[in-house]
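Just below is one structure, and these are the notes that go with it.
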Amino acid sequence: MSVEILATFSVLLLISRTMAQDCSQSCTCPADPPPCSVGTSLVLDGCGCCKVCARQLGEPCSMLEPCDHHKELYCDYALLSDTQTGICMAQEGQTCDLGGVIYRSGESFQPNCKHHCVCMNGEIGCVPMCASDIRLPSPDCPYPRRIQIPGKCCEEWVCEEIPQDHHYQSVIAVFRKAPPNGLLTESPRDNCIVQTTEWSECSATCGMGVSSRVTNDNQHCQLERQSRICMVRPCNSQQEKEIKKGKKCVRTPKAQRAMRFELSGCSSARLYKPKFCGVCTDNRCCTPHSTITAEVEFRCPEGDIFMKKMMFIKTCSCHHDCPQDNDIFLASNTRKMNGDYDNDM
């Protein structure tokens, strides 16, 4: 047996003994999971016992402090002399190009003060750093408005005496003064004038994105932001091949094979054959025109199960009002989607 094989065997034996020692103790976890920073996944440790904040690219990792597999990171034990500790490295994947800056697959970055992003195999996903709270009009603040404060990144709410045009002007919260005795017999729902904005466009032109709206359709008649995940089309789908001879667009193609949706390393429990928006050869782009919203169940490798509202496309329209390439922060709330309703599917 060669020296190299013996050395490799010794290292593997030492690692296996270390893993066994780490997992030999009883599984005792805190009542509440640890709070993780923005963009950091909560995952099971290597013993499958407790949930921990996943280690990120370039950070030390171990059996009990695993790397973020949702970002396709793995613990490389060959980089350090200590066989119990490694460094989180990215699996081979496509890099991301944002404004001429190249990011490695698995790398987290903050392109501006309002977003925290990560590159995952050629695709960029971002979460907002600013609060998206909604302030309800009230007698002492009838026209709340968000404004940009000099020197601060996130917008803040101020009270105006005169109404201003803004994105939520179609959502009107109705309030009335309480009777002299101070008792209000009806619930807020009884006198609520339900109004809801249109769903915003999907945040991604391909792959999984997010769409949102504002509504007061709830028990307390209070404005709240609702969100749903969305997929306008798969990335790298080569839809141009589906355009028929003599045509310039394929408007609403349907998936040829049943598929599972993927979200943060978790997969939909069911198989789906969804419709997508297609492409054109004359510089037009195709976007959803009529959609429905349905609950989708996702299952994760750690055993977690969760439900997410998701947009399902009924029809698409092709037009010249297209977002700019690579503009993932474009506030695209201008195009209207008709006939959207909740559906249990």
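The values are calculated or read from the model by the stated rules, or taken from the named source; none is laboratory data. Just so it is clear, the structure is predicted and the values come from calculations on it, not from any experiment. Every residue, glycine as well, gets a Cβ built from its backbone with ideal geometry; the counts of neighbours run over all protein chains shown. All accessible areas refer to the heavy atoms of the entire protein, side chains included, with ligands and DNA or RNA removed. Shrake-Rupley method; radii C 1.70, N 1.55, O 1.52, S 1.80 Å.
Within the option set Asp304, Asp321, being modelled with pLDDT under 90, under 20 Å from the mean Cα position of the chain (by Cα) and more than 19 Å from Ser212 (Cα to Cα) holds for one residue only, Asp304.
Look through Cys221, Cys141, Cys130, Cys202 and report the one residue that is closer than 18 Å to Met310 by Cα and modelled with pLDDT of 65 or more.
Cys202 is the lone residue from the list that is closer than 18 Å to Met310 by Cα and modelled with pLDDT of 65 or more.
Of all residues in the range 208-249, how many are farther than 20 Å from Arg284 by Cβ, among the acidic types (Asp, Glu) and not in a strand (DSSP E or B)? Total satisfying the criteria: 1. Scan the range 237-253 for residues that are over 30 Å from the mean Cα position of the chain (by Cα) and open to solvent by less than 50 Å² (accessible area, probe 1.4 Å) and report the count. Final tally of qualifying residues: 1. The condition (being more than 22 Å from the chain's Cα centre (by Cα) and either crowded, with 17+ Cβ neighbours inside 10 Å or assigned to a strand (DSSP E or B) (or both)) is satisfied by just one residue among Cys316, Cys277: Cys316.
For the range 71-84, residues that are open to solvent by 40 Å² or more (accessible area, probe 1.4 Å), in contact (Cβ under 8 Å) with a residue 40 or more places away in the chain and more than 15 Å from Val118 (Cα to Cα) total 2.
Each residue in the range 58-70 was checked for being under 20 Å from Val38 (Cβ atoms) and open to solvent by 40 Å² or more (accessible area, probe 1.4 Å), and 4 pass. Among the residues here, Arg260 does not qualify as touching a residue at least 40 places away in the same chain (Cβ under 8 Å) and open to solvent by 30 Å² or more (accessible area, probe 1.4 Å). Within the range 192-203, at least one residue is over 21 Å from Asp282 (Cβ atoms), of a type in the set (Gly, Ala, Ser), open to solvent by 20 Å² or more (accessible area, probe 1.4 Å) and assigned to a loop (DSSP other than H, G, I, E, B).
Here the range 216-236 is the region considered, the condition is being loosely packed, with under 13 Cβ neighbours inside 10 Å and among the polar types (S, T, N, Q), and the residue that is nearest to Ser138 (Cα to Cα) is Gln219.
Checked against (1) modelled with pLDDT of 80 or more; (2) among the charged types (D, E, K, R); (3) under 22 Å from the mean Cα position of the chain (by Cα), Asp76 passes all but condition (3).
Rundown of residues vs (1) among the basic types (Lys, Arg); (2) in a loop (DSSP other than H, G, I, E, B); (3) modelled with pLDDT of 90 or more; (4) in contact with a Ser or Thr (Cβ under 8 Å, 6 or more places away or on another chain), yes/no style:
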{"position": "Arg270", "(1), (2), (3), (4)": "yes, yes, yes, no"}
{"position": "Asn283", "(1), (2), (3), (4)": "no, yes, no, no"}
{"position": "Thr291", "(1), (2), (3), (4)": "no, no, yes, no"}
{"position": "Glu295", "(1), (2), (3), (4)": "no, no, yes, no"}
{"position": "Phe298", "(1), (2), (3), (4)": "no, no, yes, yes"}
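Once the range 34-53 is narrowed to residues that are under 21 Å from the mean Cα position of the chain (by Cα) and in a loop (DSSP other than H, G, I, E, B), the residue that is farthest from Gly125 (Cα to Cα) is Pro34. For the range 282-291, the criterion of being under 22 Å from Lys245 (Cβ atoms) and in contact with a strand residue (DSSP E or B) (Cβ under 6 Å, 6 or more places away or on another chain) is satisfied by at least one residue.
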